[in-house]
Each structure stands twice: as structure tokens, then as C-alpha cells.
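Remarks on the structure that follows.
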Amino acid sequence: MEKIEYPPPKHLSERSKKLWRDVVPRRARSPERLTLVQTALEALDRAEVARVKVEAEGLTCTTKTTGAVHLNPLIRIEREARQLFLRCWTDLALHWSQEIDGRIYNED
């Protein structure tokens, strides 16, 4: 069987490109799964950009006109992007690898 290379999209961060290279050859070769992996990694990158900006700007912002303090809107963007990443990753069944991560032990 011929091995087909699927290079990561150029716009992804280095972290996401590494994840692409780790995941795609083993778990995502169909167009549908490749699209879902790309969507997940784009969301992960978006969440990271938002996280860095929140870190620089702070968790809250104050409106100039009223002086009211509000939660930084980037927090919502980060949260929604992480949720999208997790939803895609779960749909791809990429949430756990027993071979790499070991067994899950029930502590009950």
C-alpha cells in the first residue's frame, strides 16, 4: 500500500503542525477526518491567541463611558474555541491512547 503524505496546513502554529504530523498518519486520512482535524487545530490556535491576549490585557476591562468593569470578551472566544477543539477531538476519538497514556484505573 502506498503511503500518502498529508502535510499540515501552513497557517497552523508550530504546536498544531506537530499535532497534525502525529495524528494524521495514524488516525485521519479521509477528507472528512482531515477537515475535522484541521478545524480542531485551528480552534486550538485561536484559543491560544485569545489566552495570550487575556494574559496581557487582564481578565477584566473597564468601559470608558461608565467605568463599568466587564469580563474580557476574549475569555468567551477562548472558551468557545477550546470547546470546539474538544468536540472535534472527541468526535475523532482522539481523547485517549491506552498504548501511549496507559490504562485508566477506576478508583471506586
Helix-derived [θ] at 222 nm for the chain: sum -39500 (n - 2.57) over DSSP H runs of at least 4, divide by residue count, nearest 500? -19500 deg cm²/dmol
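With +1 on the Cβ of every Lys and Arg and -1 on the Cβ of every Asp and Glu, and nothing else charged, how large is the dipole of region 14-92 about its Cα centre, in debye rounded to the nearest 20?
Working: 16 positive and 11 negative charges, 51 e Å.
It comes to approximately 240 debye.
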Where does the longest stretch of the chain lie that holds no GluC sites (Glu not before Pro) found in a DSSP loop with 13 or fewer other Cβ atoms within 10 Å? 6-106
List, in order, the whole-Hz ³J(HN,Hα) value for each residue of region 86-95 obtained from phi through the Karplus relation with A = 6.51, B = -1.76, C = 1.60 and θ = phi - 60°; use x for Gly and Pro. 5, 5, 5, 4, 5, 4, 7, 6, 10, 7
Just one of (1) 16.1, 50; (2) 14.9, 39; (3) 18.2, 66 is Rg and Dmax of the Cα atoms in Å calculated from these coordinates, so which is it? (3)
Going by how many other Cβ atoms sit within 10 Å of their own, how do Thr66, Thr39 line up, fewest first? Thr66, Thr39
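Computed from the coordinates by the stated procedures, all read-outs in this text should not be read as laboratory data. The structure displayed is predicted, hence computed values, not measured ones. Counting neighbours? That spans all protein chains shown, and the Cβs are built from the backbone with ideal geometry, glycine included.
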